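Below you'll find the structure, written out as structure tokens, and then a few comments.
The values are calculated or read from the model by the stated rules, or taken from the named source; none is laboratory data. Remember, predicted model here, so these are calculated numbers, not experimental data. Neighbour counts run over all protein chains shown; Cβ positions are idealised from the backbone, glycine included.
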Amino acid sequence: MTQPERNQAQGDQPPPRQQLLQQVHPTPREDAATALPVDSQPVDTPLASTTSQEEVLHFSAQERDFWEGRYRLSDGTTVPFQARRIGQQVHLWIGGESFVFSPVISASRRRGGQQSSTDEILCSVPGVVIAVHVSEGDTVEAGQDLLVIESMKTEQVVKSPRGGTVQRVPVQPGDRVDRGMRLVMLVPLEGD
Amino acid sequence: MFSKVLVANRGEIAVRVQQTLQAMGITTVAVYSDPDAQAPHVTMADQAYPLNGVSAEETYLDRRKLISLAKEAKAEAIHPGYGFLSEDPSFCAACAEAGLVFIGPSADTISLLGDKIRSKDTAIQAGVPVVPSSPLWEPGETHHESFLSQWGFPVLVKAAAGGGGRGMRLVEREEDLQPALESASREAAASFGEGRVFLERFFPAARHVEFQVLADASGNTIHLMDRECSVQRRYQKVIEETPSPALDQKLRDSMGESAVALAKSAGYSNAGTVEFLVDARTGQYYFLEMNARIQVEHPITEETLRLDMVEWQIRIAAGENLTLSQDDVRPSGHALECRIYAEDSYNNFAPSIGTLLSWQPPHGMGIRLDSGVAQGQEVTPYYDSMLAKLVSWGPYRQACIGRMSKALDAFPVIGVTTNIPFLRRAILHPAFASGNYDTRFVAMYGELTTPAEASPVADAAAALAEQFWQASVPKRIGNQPNIHQNIQGRPSGPWHSIRRASFP
């Protein structure tokens, strides 16, 4: 195994944070996540960690797609961890918490996406569409109910994140939908 | 006693019931939907039959299929578990017609208790206090003036045939009432085949405390103490404990007597649960409903009383009388249950699916796991999102919480998002630790459902993820520009062929 570069740099300066990966779960708060280009994120590592030995203490498994072992945190406590590669994501279980990381998408691409004239309202839960409350051309307000998805026997109401005009609704009642699928395309209101 | 029993359910309860059946020397028959073919409740069964289908409606809710399979397998009885057909009077009656024993109360009792209006009347007749409520609402109607003028908003919309929070809505303002009635009615119709709803007085500071009841066919009825179920999200329980920190001995005795009186008045036989709402401000209690089935949270009662509730269900259904009296019910210590849900606590508890690449339950003194899944199994969107129940017992409450906390810390799950991070925080929260919490607990403390901005663990996660990524991605693409190219040019990555992670 090749030694990771960031460990070699330790001691000289705080390690650079999240160069290759960005956290996608738990999803960072919207205000912080969208405003800040990931690669220019300020280093917020506590002072103590610059001198501590934050590192893997030992491995009980070290395969290409699976690591398991014990890790020493910056505060000196040690915790068990597991890491798995799933597709292009790194899934981590450490100190009882779960994290998912994805490769960084550059800030310019992220911002570009947000400035486009159409908003795509994406499905956040897998399930079945049971009601669609809007159709093409409808004007909707922020917070208005758009459609209802049933997932694991629970109704999830999808609300409009902002005011606008419905451009397209590519789903209809009875459709199976999965996370990330487009539910409603919205032309945001001017100045909203 | 029966020699063979079919378990008409899936998940952890189908496993739990079969554990007792097998311990009693009874042959078990499992049934399964297509996605559940490799599930633990199937692999552990002495016999298993496919239900040939995917959705609950075409599998675990198909009454005719289940009864004909029970006959084909020559089972003498059906255990319905909870959910699905457990409180369906027509299924219960159909079992009897087919000469099968339904392990639960009679069809008449289920139908009486399943109707929230009639069960309230039964409670009133038994002298048990009830929550004030409106007459039934049918789609199209708009009038509730007399109820609303007496109690005002906020108000609860409830389904007459509800349960598990389905068909229930909290309405704060008048203009939200009509949409809530319609949506609750639709959800109830989809879940229970019955869309009638009604309004109920809402108590802002309420605790949810229930009493376990056991009754035999001869009318011997006892209660098995209380369970505190106030930690809920979306009106569904997440954490339960016994004994409830909310009750003093006087209140406990009085509620226990009410529970027994109600069960007797309903002609109840087998295991059931009487749910009460306790007004945290006044200490007054009100009957909510009686669940005519084994309850999800029955293990905490089993832990403090050292008895097997499922065994009693089976013995009573087989015609045996209770050999326990109320004086024999002497609980010891404290027990806590955390429900492990496939959901994202940081995203409004949205359901989660995926493959359980890591699922390594903790062990240790006072720790019990009732689980319906195994490592490698896929979690699908078709059924309930509860994967397992982690239960801890301790000689006193603090010891019990400490054991649970350590167990949750040592429970790696990868591939499916679970509520374990929420559970860890919830049981260590000062409000939970004090025992002084009510059903607003989850909503009141946003820190339980918000990821920490920065913590040593989050820092370590970011560093470790980078380290792992660099070691796991071949060096020539292990730098940033190439990764970007790869995302755009998907699926050309060299790791495309290793989507499924290997097992240790």
Lone unmet requirement of (1) over 18 Å from B:S269 (Cα atoms); (2) in contact (Cβ under 8 Å) with a residue 40 or more places away in the chain; (3) of a type in the set (G, A, S) for B:A184:
(2)
Which one of these does B:P105 not meet: (1) assigned to a loop (DSSP other than H, G, I, E, B); (2) more than 26 Å from B:D216 (Cβ to Cβ); (3) not small (G, A, S)?
(2)
Of these, B:V29, B:V15, B:V7, which one is buried (at least 19 other Cβ atoms within 10 Å of the Cβ) and over 20 Å from B:D384 (Cβ atoms)?
B:V29
For B:G435, are the conditions met, namely being more than 14 Å from every other protein chain (Cβ to nearest Cβ) and at positive phi?
yes
Only one of these is buried (at least 23 other Cβ atoms within 10 Å of the Cβ), of a type in the set (G, A, S) and touching a residue at least 24 places away in the same chain (Cβ under 8 Å): B:A246, B:A280, B:A266, B:A261. Name it.
B:A266
From the set of residues in the stretch B:382-408 that are of a type in the set (S, T, Y) and not in a loop (DSSP other than H, G, I, E, B), which is farthest from the other protein chains (Cβ to nearest Cβ)?
B:S392
Kindly provide the set of residues from the stretch B:140-158 that are modelled with pLDDT under 90, assigned to a loop (DSSP other than H, G, I, E, B) and within 27 Å of B:M290 (Cβ to Cβ), ordered by number.
B:H144
Identify the residue in the stretch A:95-146 that is away from chain B (no Cβ under 14 Å), modelled with pLDDT of 90 or more and assigned to a strand (DSSP E or B) and, among all such residues, is surrounded by the most Cβ atoms within 10 Å (Cβ to Cβ).
A:V140
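Which residue out of B:T439, B:T418 is outside any strand (DSSP E or B), in contact with a strand residue (DSSP E or B) (Cβ under 7 Å, 6 or more places away or on another chain) and modelled with pLDDT under 95?
Details: B:T418 fails: modelled with pLDDT under 95.
That would be B:T439, the only listed residue that is outside any strand (DSSP E or B), in contact with a strand residue (DSSP E or B) (Cβ under 7 Å, 6 or more places away or on another chain) and modelled with pLDDT under 95.
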Taking interchain pairs and intrachain pairs at least six residues apart, which have beta carbon atoms under 8 angstrom, with the first residue in the stretch B:1-25 and charged (D, E, K, R) and the second at pLDDT below 95?
B:R10/B:Y383
Assess whether B:P204 counts as being more than 12 Å from every other protein chain (Cβ to nearest Cβ), closer than 19 Å to B:Y286 by Cβ and modelled with pLDDT under 90.
yes
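Would you call A:G174 within 14 Å of chain B (Cβ to nearest Cβ), surrounded by fewer than 20 Cβ atoms within 10 Å (Cβ to Cβ), not basic (K, R) and not in a strand (DSSP E or B)?
Numbers: within 14 Å of chain B (Cβ to nearest Cβ): yes; surrounded by fewer than 20 Cβ atoms within 10 Å (Cβ to Cβ): yes; not basic (K, R): yes; not in a strand (DSSP E or B): yes.
Criteria met by A:G174.
How about the stretch A:147-165: which of its residues are free of Cβ contacts under 8 Å to residues at least 12 places away in the same chain and assigned to a strand (DSSP E or B)? Walk me through it before giving the result.
Step one: list which residues in the stretch A:147-165 are free of Cβ contacts under 8 Å to residues at least 12 places away in the same chain, which gives A:153-154.
Hit for the stretch A:147-165 is A:T154, nothing else.
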Mind checking which residues of the stretch B:201-256 are in a strand (DSSP E or B) and more than 30 Å from B:T323 (Cα to Cα)?
B:R201, B:A206, B:R207, B:S230, B:V231, B:Q232, B:R233, B:Q236, B:K237, B:V238, B:I239
Among what's in the stretch B:169-191 and is among the hydrophobic types (A, V, I, L, M, F, W, C), crowded, with 20+ Cβ neighbours inside 10 Å and out of contact with any Lys or Arg (no Cβ under 6 Å at 6 or more places or on another chain), pick the residue that is modelled with the highest pLDDT.
B:V171
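For B:Y382, are the conditions met, namely being surrounded by 17 or more Cβ atoms within 10 Å (Cβ to Cβ), out of contact with any strand residue (DSSP E or B) (no Cβ under 7 Å at 6 or more places or on another chain), closer than 30 Å to B:G283 by Cβ and of a type in the set (S, T, Y)?
Working: surrounded by 17 or more Cβ atoms within 10 Å (Cβ to Cβ): yes; out of contact with any strand residue (DSSP E or B) (no Cβ under 7 Å at 6 or more places or on another chain): yes; closer than 30 Å to B:G283 by Cβ: no; of a type in the set (S, T, Y): yes.
Here the answer is no, as B:Y382 does not meet what is asked.
Specify which of the listed residues (B:E343, B:E297, B:E320, B:E303) is surrounded by fewer than 20 Cβ atoms within 10 Å (Cβ to Cβ) and at negative phi.
Working: B:E343 fails: surrounded by fewer than 20 Cβ atoms within 10 Å (Cβ to Cβ); B:E297 fails: surrounded by fewer than 20 Cβ atoms within 10 Å (Cβ to Cβ); B:E303 fails: surrounded by fewer than 20 Cβ atoms within 10 Å (Cβ to Cβ).
It is B:E320.
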Sole residue being within 10 Å of another protein chain (Cβ to nearest Cβ) and closer than 20 Å to B:T43 by Cβ, chosen from B:G354, B:G415, B:G376, B:G372
B:G415
